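Here is the structure we will look at, set down as structure tokens.
The values are calculated or read from the model by the stated rules, or taken from the named source; none is laboratory data. The structure presented is a predicted model; accordingly, all values stated were derived computationally and were not measured. Because the Cβ atoms are built from the backbone with ideal geometry, glycine has one as well, and the counts that use them run over all protein chains shown. Calculation scope for accessible area: heavy atoms of the full protein, side chains included, ligands and nucleic acids excluded. Shrake-Rupley method; radii C 1.70, N 1.55, O 1.52, S 1.80 Å.
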Amino acid sequence: MILRCSGLVLFFFVSILIVDTCHATGVSGGVVHSGGDAEMPYVPLYVSSGDQRHRFDVQIADTPERQAIGLMFRRELAPSRGMLFDFSPGRVVRMWMKNTLVPLDMVFTDRGGHILWIEDMARPGSLVPRGPSVPVFAVLELAGGTCSRLGIRVGDKLSHDLFKAAPVHPEASVREN
């Protein structure tokens, strides 16, 4: 009887350890979510702000699966890296920080790459929907504090092939928070 109870208790603790480990590493349904796809290449993107031009190396989230994972579960994000979400042809987008472990700046743009809205330092894990109430074409996520540090503002322009492929019809700008 004691041996049987000890085995049951051991099974219980091992089960908890496995579940806790899966939660911490982002494993669900047998798939490891490392925050974006480790195999996704980085491509250059530029932000023109005043007389400055800032280069970032970004991954492109251009499928519903990549957009759903985004930068979730990443423990760090280098200051020169980010992720560009392609929402062409454009729609109202609300972003949240579920399972995101680092603060992010979210930069919402129109078809021409003009910045319409910036969410500075979005708090990790927050379920508060963020974004403007107008359609956007893309969202650039950068390490939290990057926009403030570099002086990136509403009206500045992103340069990337994604914006070259789209016809340019600048929507009305939305003021920054």
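Does segment 14-21 contain any residue that is at pLDDT 95 or above, open to solvent by less than 60 Å² (accessible area, probe 1.4 Å) and polar (S, T, N, Q)? No - not one qualifying residue is present in segment 14-21. Considering segment 135-167, and only residues there that are closer than 12 Å to T109 by Cα and small (G, A, S), the residue that is surrounded by the fewest Cβ atoms within 10 Å (Cβ to Cβ) turns out to be G155.
Taking the criterion of being part of a loop (DSSP other than H, G, I, E, B) and open to solvent by 20 Å² or more (accessible area, probe 1.4 Å), the residues of segment 122-134 that qualify are R123, P124, G125, L127, V128, P129, S133, V134. The number of residues in segment 78-101 being under 12 Å from the mean Cα position of the chain (by Cα) and within 15 Å of L150 (Cβ to Cβ) comes to 2. For segment 102-123, a tally of residues being farther than 13 Å from L142 by Cα and not basic (K, R) returns 8. The sole residue among V134, V154, V102, V128 that is over 19 Å from H54 (Cα atoms), of a type in the set (A, V, I, L, M) and in contact with a Phe, Trp or Tyr (Cβ under 7 Å, 6 or more places away or on another chain) is V128.
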